[in-house]
Every structure is written in structure tokens, then in C-alpha cells.
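A short worksheet on the structure shown next.
The values are calculated or read from the model by the stated rules, or taken from the named source; none is laboratory data. Computed from a predicted structure; not experimentally measured. Cβ atoms come from the backbone with ideal geometry, glycine included; neighbour counts cover every protein chain shown.
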């Protein structure tokens, strides 16, 4: 039998109205595959099947429909399980308290009845992206223990390239130079190369040239003989000898003074070293990986870094991109660090609110992945409550960048419109007003983004000719959304 392709978005509808489910499938179209169950118990029983991307839940289910359980039971059960699909809830009761309770119990979105199909698709697509992120994270976590690339996560093209080079270079013995700003994960890459190499059962020794005064670096790297200088009461092995048969990682190689560069070059060329106070050459069997946050080519031109050493250490180069250039990786990294620190600090599992993620996406990250790691740990440790990490848990420098994830007092509809407006603006600002990229960031079509710009009156990102026709388009927006309803009996 030929293999049937899995529909892109699989939805579990929890609603007792069979006719509603049939109509909903028709209006959503073939990109969505719905399966309906009538009770909360049946919905919870589907958690283990892992066949669904999203649960669409009727909040108005009452005891006569569910035997013993209400819709809030499903929400709480899904929130307590890491592998449960995200839940989009809907109800005829559009009071602020209903929406707040649904979100507090774990729903990722709330819709009012009668359902607007465009709004429903927008909510389902967002929940599907959340489910895909969870699957990617689970796959990454399965990969990490075997490859020992802890923290080297990302789905961006830049990180795909980094991972590809790591796999290729790990099996050979050539020298590698890792470049990139501080905090981008150069040390993680170096350890990944070692752990994937034939030397993985030997030592991995890391040394940072900026962590020691110049007078001590030679001793640290090459060691000394007893009596080599005052206070040398015994023979001491250096880092190169400690890494025998394994890998030595020389971080911030650009900070080495010229005399030390010459000695290092000699070791790399002759594959031997001499301890301080000795003339005996000792063989060196190590793989050398170097890293720097400085521009070595420019230093070579200025005469502050030896050209011959530069060519010796940079046979293969791996550049680690700054976090601001791979913003699509931020949610995956944030979720990974959240789970890691929750386990390390014995904290309850939490989720990240849209406002929290919006702030992460809008920040420039001068400290790169290391700074993101610190922000997640700080937020988790200092957070109040046990449900979510929200805007209030962010450090001050990020808090001002986000849209609020708090529901403001007033009309529920106004709160939703305000959030949509800030979400769209944030995506447009992130991509310099490029609507195609912003639409891709939001997971919607460019046409739908234009409709949102008109609907939400966001004029600062519109060309002048579009601003002029805003009023003429508004009636089309008003009638465009197909509205449908289902009342639980």
C-alpha cells in the first residue's frame, strides 16, 4: 500500500457537536485534518498517541457531556505533561475572567464564539509552530547526549552550516580556528569536535590566554623542571602534556604576546616541546583547536600576530554567528535553558509567555548565547508563581522591549487587538519593515499581514499609497472572516 503523507496540521477537536466538527473541517480545508472526540476523558486519552499537533477545546463542556470531568481538567492535564499538544480554547463566555482562567490553566490561545475562521487558522498555526518547536527540542535533546554538543542548538541556516563543518572536521586531525564574538559558544564547538573525534576517549584540556598574566602563560602551557626558577620545588607538566593523545583548546589565541606566539609555532611545527629549565625535547601528540573574538587577519597586517602561526592554526575555520543574526534560534535555546535550569534548581516546569518571548526577540544580545542563558536562569530563579515566565520576571533591560503579557482591565476584544498590534509591530521592527520576512516570522502569508496592517491601523510600516486606501479596504476586512458557531447542548 502506498504511504500516505501526513497532513501538515493535525487537530484534535474536543466538542460533543458532530455537525460542528464536519463544518469546521470543510471551512478549514485540506491543510488541517480534524478528528473529533466528545468528552474530556477521550481527549486526555489521546495524549499518549502523539498523533496531534493541537487540541481545539470547547470550554463550555459541562458534566453531562464529560461524565465526571470538565474542560479545565483537560487544560490542567495538558499543562502537567511535557509531551501533550498545545491547547487552543474557545467559548461563548467572552468575559475577561474566562480568558484569564483558560490561559492560567495552560491554554496557548483563547477564541470567542462564534468562531472567526481567519482568527482560528491564525491561532492553530501558531500552536502548530509551538508543537513543532517542542518536537525539534525533543529531537535535539536525544541528539545531545550521544554527540555531547550541550547547548549547541539551532535551526537557522548559520547553525546548520556550523554543525555540518563540525561533523566533517571531527574525523580528521587538522587544526581548527573558531571565530566569533564572546559568548557565542566557541568552547562548545571545540568540545563537540573533540567528542566526535577518534580522540574522544582522551583528555580535552582548555586554556584561555586572557585568564593568565603573560609571565605565567609559558609555564602553564609547557610546564617546568624542578629548580627551573625560585620556588620550582618539583617538576610540573604543562597543558600540552596533560592533553597527551587528546585535544588542547587554546581560547583567545589573539591575546598571546609575540614571543609566546613564536614558541607555540615551534611546538606546532616540530610536534615537540621543552619544559622551562630543560633542553630535552618531549614529543607532543595533541590536536590543537584555537578560538578568538579578535580579527587575526587585521592583527597580521598590523604586525601584532604572526602570519605563519595564523596559517598554521587556521587550516579550517568555523565562524560562530552572533545571536542577533540567528533570532529564529532564540525560542529553541530559551526552552532548552528553561528545562535545563528547572531541573538543576529543582523548579517546577514552566512555559514562556508571548510577552517574554517577544522581549527576547527584540533584544540585541551583546553577550550572545551566554547572556541568554543567564537571563533564563535569573528569570526562573527569581520568578513568582509556578505557571509561566512572563514580562514581570525579565531583567529591566529586557522588560521595556516587550509587549505586555498581562491582560489589561477593559474589553477583552481591545486587549486582543492591542496584543496583535504589538506582535505585528515587533516582527516588522525586527526585520526593518520587510513585510515578507515579518510575515514569515509570524507564520502568516504576506497578504494576511497586509490585511492585519489595515485592520489594526498600523500605518508607520505602510507605503503612502496604502495609507490612502485604508478606509476603502476596511469594509472588505469586516466581511472577509467566515464566522461559524457551535453551542454545547
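Looking only at residues of the range 355-373 that are in contact (Cβ under 8 Å) with a residue 40 or more places away in the chain and part of a loop (DSSP other than H, G, I, E, B), we find that the one that is farthest from residue 330 (Cα to Cα) is 367.
Listed residues 250, 258, 265, 276; which is surrounded by 18 or more Cβ atoms within 10 Å (Cβ to Cβ) and in contact (Cβ under 8 Å) with a residue 40 or more places away in the chain? Only one candidate passes the filter, namely 250. For the range 76-107, filtering for residues that are assigned to a loop (DSSP other than H, G, I, E, B) and either at pLDDT below 75 or surrounded by fewer than 20 Cβ atoms within 10 Å (Cβ to Cβ) (or both) leaves 10.
Of all the numbered requirements in (1) within 25 Å of residue 329 (Cβ to Cβ); (2) without any contact (Cβ under 8 Å) to a residue 40 or more places away in the chain, residue 233 misses one, and that requirement is (1).
Against the condition buried (at least 22 other Cβ atoms within 10 Å of the Cβ), closer than 20 Å to residue 21 by Cα, at pLDDT below 80 and touching a helix residue (DSSP H, G or I) at 6+ places or on another chain (Cβ under 6 Å), how does residue 59 come out, does it pass? No: the conditions fail for residue 59.
Under the condition of being surrounded by fewer than 20 Cβ atoms within 10 Å (Cβ to Cβ), part of a helix (DSSP H, G or I) and touching a helix residue (DSSP H, G or I) at 6+ places or on another chain (Cβ under 8 Å), the residues counted in the range 374-387 number 3. If I filter the range 388-400 for residues that are surrounded by 13 or more Cβ atoms within 10 Å (Cβ to Cβ), in contact with a strand residue (DSSP E or B) (Cβ under 8 Å, 6 or more places away or on another chain), modelled with pLDDT of 80 or more and within 27 Å of residue 99 (Cβ to Cβ), do I get at least one hit? The answer is yes, given that some residue of the range 388-400 is surrounded by 13 or more Cβ atoms within 10 Å (Cβ to Cβ), in contact with a strand residue (DSSP E or B) (Cβ under 8 Å, 6 or more places away or on another chain), modelled with pLDDT of 80 or more and within 27 Å of residue 99 (Cβ to Cβ).
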